[in-house]
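K.L.:
Got a structure for you, written out below as structure tokens; questions coming shortly.
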Amino acid sequence: MFDQSQIQEFKEAFTIMDQNRDGFIDKEDLRDTFAALGRINVKNEELDAMVKEVPGTMNFTVFLTMFGEKLKGTDPEETILHAFKVFDTEGKGFIKADFIKEKLMTQADRFSEEEVKQMFAAFPPDVYGNLDYRNLCYVITHGEEKDE
């Protein structure tokens, strides 16, 4: 399912999230992880919903299996690129961030204002307000930014 380098990356992520270093990720580990990322007031209901996704306790094997199941449904990079290219009528490789925000908040599986803020925090538009969707697609499908 994953190659050795991917497994190592997942192991590092698991270790970071296992805040109390007991070999399991639980509700308190999740709360601490969110706090480390700057999100202090996570609701108990949200944490409970995350914990309920796991049948039993979440050790590294369960963690890896869950990621495998979640990533299995990810579209190939080329498919995601084609979806963005529909909006890039001039073929420049970027789309106005305001346009993307409006579409994300009004179409299909709508994003909340907070979700849009989180996306732009991870993938900030350039000084002209443009979103580099090629890099965004790469990160969605590969997990890290390209060196250009």
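K.L.:
For a test of the definition: using alpha carbon positions, the gyration tensor, and the 1.5 limit on a/c, classify the range 77-142 as rounded, prolate or oblate. Write down the numbers at each step before the final one.
P.N.:
Values: a/c = 1.31, a/b = 1.25, b/c = 1.05.
Verdict is rounded for the range 77-142.
K.L.:
Quick one: TYR138, TYR133, TYR128, fewest Cβ neighbours within 10 Å first, how do they rank? Intermediate results must be reported in sequence, preceding the final value.
P.N.:
Numbers: TYR138 18, TYR133 22, TYR128 8.
Ranking TYR138, TYR133, TYR128 by Cβ neighbours within 10 Å, fewest first, gives TYR128, TYR138, TYR133.
K.L.:
Does anyone have the angle between helix 113-122 and the longest principal axis of the chain? Alpha-carbon axes, 0 to 90°, nearest 10?
P.N.:
Value to nearest ten degrees: 90.
K.L.:
Using DSSP to call loops (not H, G, I, E or B), can you name the chymotrypsin sites (Phe, Trp or Tyr not before Pro) in the range 11-55 whose Cβ has at most 10 other Cβ atoms within 10 angstrom? Don't skip to the answer; put the middle values down first.
P.N.:
Values: sites: PHE14, PHE24, PHE34; in loops: PHE24.
Here no chymotrypsin sites (Phe, Trp or Tyr not before Pro) fit, given the DSSP loop and packing criteria.
Taken together, the values in this text are just the output of simple stated rules run on the coordinates, not laboratory data. The shown structure was predicted, so the numbers you read here are calculated from the model rather than taken from an experiment. Methodologically, a virtual Cβ is constructed for each residue, glycine included, from the backbone with ideal geometry; neighbour enumeration extends over all protein chains shown.
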